[in-house]
1. Can you pull out every residue in the range A:124-153 that is facing chain B (nearest Cβ under 10 Å), in a helix (DSSP H, G or I) and surrounded by 17 or more Cβ atoms within 10 Å (Cβ to Cβ)?
2. Answer yes or no as to whether residue A:190 is without any contact (Cβ under 8 Å) to a residue 40 or more places away in the chain, closer than 22 Å to residue A:97 by Cα, surrounded by fewer than 15 Cβ atoms within 10 Å (Cβ to Cβ) and within 14 Å of chain B (Cβ to nearest Cβ).
3. What tally of residues in the range B:215-234 results from selecting those that are in contact with a strand residue (DSSP E or B) (Cβ under 8 Å, 6 or more places away or on another chain) and in a loop (DSSP other than H, G, I, E, B)?
4. Considering only residues that are out of contact with any Lys or Arg (no Cβ under 9 Å at 6 or more places or on another chain), hydroxyl-bearing (Ser, Thr, Tyr) and closer than 15 Å to residue B:91 by Cβ, which ones fall in the range B:147-198?
5. Consider the range B:166-196. How many of its residues are buried (at least 18 other Cβ atoms within 10 Å of the Cβ) and not aromatic (Phe, Trp, Tyr)?
6. Working only within the range B:216-234, note down all residues that are surrounded by fewer than 23 Cβ atoms within 10 Å (Cβ to Cβ), farther than 18 Å from residue B:69 by Cβ and at the interface with chain A (Cβ under 8 Å from one of its Cβ atoms).
7. Does residue B:102 satisfy being part of a helix (DSSP H, G or I), free of Cβ contacts under 8 Å to residues at least 40 places away in the same chain and either small (Gly, Ala, Ser) or closer than 17 Å to residue B:184 by Cα (or both)?
8. Across the range B:243-298, what is the number of residues that are crowded, with 16+ Cβ neighbours inside 10 Å and in a loop (DSSP other than H, G, I, E, B)?
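Every number here is computed from the coordinates shown, using simple stated rules; none is lab data. Here the structure is a predicted model, which is why all the values come from computation and not from measurement. Because the Cβ atoms are built from the backbone with ideal geometry, glycine has one as well, and the counts that use them run over all protein chains shown.
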Amino acid sequence: MAVLAKELHEEPRVVLSARGLSKSFGAFAAVNNVDLDIRHARVHALIGPNGAGKTTVFNLLTKFLQPTAGSITLLGTDITKTPADKVARMGLVRSFQISAVFPYLSVLDNVRVALQRPGGLSTQFWLPMSSLDRLNEQADELIETVGLKRERNAIAADLSYGRKRVLEIATTLALDPKVLLLDEPMAGMGQEDIGTVSNIIRDVAKTRAVLMVEHNLSVVSDICHQVTVLQRGEILAEGDYATVAQDERVRLAYMGTEDA
Amino acid sequence: MSDVIHNSSATSTASGRTERSATASKTYAAFLVIGLLLLLIAPAFLYPIFLMKLLCFALFACAFNLLLGYTGLLSFGHATFFGGAAYFTAHVVKEWGFPPEIGILVGAAGAAFLGLIMGFFAIRRQGIYFAMITLALSQMFFFFCLQASFTHGEDGIQSVPRGHLFGFIDLANTTNMYYFVLGVFLIGMIVIWRFINSPFGMILKSIRENEQRAISLGYSVARYKLGAFVMSAALAGLAGGTKALVFQFATLTDVGWQMSGEVILMTLLGGIGTLIGPIFGAGLVVTLQNYLATSQFPVTIITGVVFMICVLLFRRGIIGEFYASRLGRKLGFEHRR
């Protein structure tokens, strides 16, 4: 009865969904028959022990890997066979588990590379570099949002690990994605950065959908509306944090040892 | 706490970097002026044909470096564009009576077309596979040139007239020809410089640094690589077409795999990813070839030894090492790779 009542309660529309998503590497099924619904204006967490297939799900959803079976729908369009760069242009943008910045570009240039394509400034080989200066205002705004103002002109490789992650979030936001996939955005971050990033995620999720892989369960309970637990490539439990945390199987498989 | 320390160090390196880049632009300007002056007066001291050969190979190496140094793609088939353009230019100038400037442009356009085909097949692969595909396709082109009637097989296209530039400057005059070649070289260099310092060049840099991230930002990486490949091929063609007019012939030597290897050697010797490094690399190789051509000693052994020494001692190449040296850094250069 309670479930039914929840169904009737109006939930925001689904923007990204997967049905029967599977991926096998040879005989090993990394992801098996996963259904996911990511809703607008919601933060959805994907959790599970190491090797559960969380990153593989990310790679499948963003088309960095081609699923063995199943289908993916983004904003009403079937993207099961769409190449990764096109998926990104459609508004599904991801971050990576290992920090993905352009190491020998400055913080500003990192953000500008992301702004260049939507700004229509990516194929001009006859224009000087200074033509990119018109992106500065927008870039500075993003840099300030994530708190990197002082490091604006630093080379990305010189930043601390946590700051690199923050920079990556800034470049991801630069594309103004409709769906944001964050692979362990808080990993390796100091407490101060975790607070900042939590606030940013909560803020961006007001107008778009967020799916994140996260190990820090206090963050998950803090900012996520929906939690999906993966184990050995299959969905073990799903629901809000309280429901999932109560689940016996989940406690046994995952939280029993790591609950915060 | 450690974060704070890190931040301040990052900020200080950033400000140091801006100062350095200001010094660098002054140094660049000074070197540019000196270099230009030397090139302008060089024919008074050195054999002009040798200088022209050097300029052609320097442009070829810089075009190659556009791909290797700025896009991170190692092509083993660039002789196709250099030698192919030499054939195209020689043919249209000799058989169809095209003026030299149009002939060279036809060569460059032809090379760009070949680059489009080769690039289309090669760019989807990386590393050694990319190199092998380009090598295989360039070998196919070599055999095409051996068999096709317009290339005259083993003989090549001989006694190509240099013609008159814009209809009135006689290029049979060696001095005129030298300044024409210098002009082509400088135009080529300006195009390369603009290309790498453009919004497009920025995307190429980002692809070289983190391809996965570039894809996730929505860039169709293959298209950008293909763009760079075609540009590199066209500029290599510009060099090849010019060389055909300088020596007044086009032969199989320029399309052979040895030529593809030679340009890699020149680029590595000079410094990958430096704008002017390949010019020095080409200068060294061409000079060695020229002065050892008359001796009994086989030149390939000498270039081989020089190459080995360079790879063992100066990994960054001549100019790359100079940039990274204390003097280079004092002058404001910075070499990142």
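1. A:132, A:135, A:151
2. no
3. First pass over the range B:215-234, keeping only residues in contact with a strand residue (DSSP E or B) (Cβ under 8 Å, 6 or more places away or on another chain): B:216-218.
From what's left, in a loop (DSSP other than H, G, I, E, B): B:217-218.
Number of matching residues: 2.
4. Result: B:149, B:151.
5. 10
6. Result: B:218, B:220.
7. yes
8. Summing the residues that are crowded, with 16+ Cβ neighbours inside 10 Å and in a loop (DSSP other than H, G, I, E, B) in the range B:243-298 gives 10.
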